[in-house]
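The values are calculated or read from the model by the stated rules, or taken from the named source; none is laboratory data. What you see is a predicted model; the values in this text were computed from it and never measured. We place every Cβ from the backbone using ideal geometry, glycine too, and count neighbours over all the protein chains shown.
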Amino acid sequence: MKKILVTGALGQIGSELVGKLREIYGQDNVVATDIRQVEGHPVCETGIFELLDVLDYERFLAIARQYEVDTVMHLAALLSAVAEAKPQLAWDINMDGLVNALEVARELNLQFFTPSSIGAFGPSTPKDATPQDTLQRPTTMYGVTKVSGELLCDYYHTRFGVDTRGVRFPGLISNVALPGGGTTDYAVDIFYQAVKANQYESFIGAGTQMDMMYMPDALQAIVDLMEADESKLVHRNAFNITAMSFDPEEIAAAIRKELPDFKLTYKVDPVRQAIADSWPNSLDITAAQEEWGFKAQYDLEAMVKDMLAKLRVKLGDEAKY
Ligand code: SER
């Protein structure tokens, strides 16, 4: 992995991954792409940036050729709640975009990464210690595209020899870019509202357990998996990974260690609650640990401390607590 093209570079993961990759591999060795350009955004201003609609295969191929990249990290996709609102669009972007990215990788013999998700599981999947290899019958369009994506990536490896790799991310929590349209977003929103108002109204109900991870661990996992010795990878795509599992009450309790008067109330959104109810409570991550040494640094307590501290700085005058 020496020269990397990133799609969806202005999204939730890309906004931070691009900076990390530029630090590790050099500013001129990361080609950030997105369907939009944001003036002044570090992703667009501190290195190579190209406008790219991942549905435009010819331009995708041309950019990869022009910069002679050896790796594609394909992040452009719609998240679960948006995908439920616009299922046809989600299919187009999540699947056709992925096929284009895989075709570019096949054509130019590139290493390939794309994330799957806890959304690739469904109500019939075992909910606790969800195994790496298990039943996957998701009931959301997001999940349908994620399972199809996992299978496609496996197919491109076995059929065409493309070095495809991937993880099933849990909910990702960060203080840089907002997720925008996911089901696990409540676990990000709660921090913004804690710092601004010392209270939060959750759209996910009490008792709903979901896997989560702090963004620095997610970024490190991508780098570690991509740098891992290929001969040790049995699964390649869609490794279960997670750092913690909690419900709204548990994250609120962790926030109360810093903000004792923090108040949590509920106004459950039935659409996102149904999505959350169809996902696992906690994943088994043994395969990722054994095959490429996955390990998260942040547990709930460490993440809460860091999130609150960083958001107080980021939100400036808006931060009242
Ligand atoms: N965080 C994502 C979502 O909620 C799950 O992959 O859509």
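Can you find a residue in region 110-122 that is in contact with a strand residue (DSSP E or B) (Cβ under 9 Å, 6 or more places away or on another chain), assigned to a helix (DSSP H, G or I), within 16 Å of the ligand (Cβ to nearest atom) and over 23 Å from Asp211 (Cα atoms)? Looking through region 110-122, none of the residues is in contact with a strand residue (DSSP E or B) (Cβ under 9 Å, 6 or more places away or on another chain), assigned to a helix (DSSP H, G or I), within 16 Å of the ligand (Cβ to nearest atom) and over 23 Å from Asp211 (Cα atoms).
If I filter region 82-91 for residues that are crowded, with 24+ Cβ neighbours inside 10 Å and out of contact with any helix residue (DSSP H, G or I) (no Cβ under 7 Å at 6 or more places or on another chain), do I get at least one hit? Within region 82-91, not a single residue is crowded, with 24+ Cβ neighbours inside 10 Å and out of contact with any helix residue (DSSP H, G or I) (no Cβ under 7 Å at 6 or more places or on another chain).
Based on this model, can you work out whether Ile222 counts as touching a residue at least 60 places away in the same chain (Cβ under 8 Å) and under 18 Å from Asn281 (Cα atoms)? So Ile222 fails the test. Consider region 156-193 and keep the residues that are closer than 21 Å to Arg312 by Cβ and part of a helix (DSSP H, G or I). The one that is farthest from the ligand (Cβ to nearest atom) is Gln193.
For region 111-121, does any single residue satisfy the condition of being modelled with pLDDT of 95 or more and at positive phi? There is no residue in region 111-121 that is modelled with pLDDT of 95 or more and at positive phi. Against the numbered list (1) away from the ligand (no atom under 16 Å from the Cβ); (2) touching a residue at least 12 places away in the same chain (Cβ under 8 Å), Ala83 comes up short only at (1). Against the test of being touching a Phe, Trp or Tyr at 6+ places or on another chain (Cβ under 6 Å), charged (D, E, K, R), in contact (Cβ under 8 Å) with a residue 40 or more places away in the chain and within 16 Å of the ligand (Cβ to nearest atom), the options Asp211, Asp217 yield a single qualifying residue, Asp217.
Residues of region 137-152 being under 24 Å from Gln289 (Cα atoms) and either more than 16 Å from the ligand (Cβ to nearest atom) or part of a strand (DSSP E or B) (or both), which ones? If the condition is that a residue be under 24 Å from Gln289 (Cα atoms) and either more than 16 Å from the ligand (Cβ to nearest atom) or part of a strand (DSSP E or B) (or both), then Leu151, Leu152 are the ones that fit.
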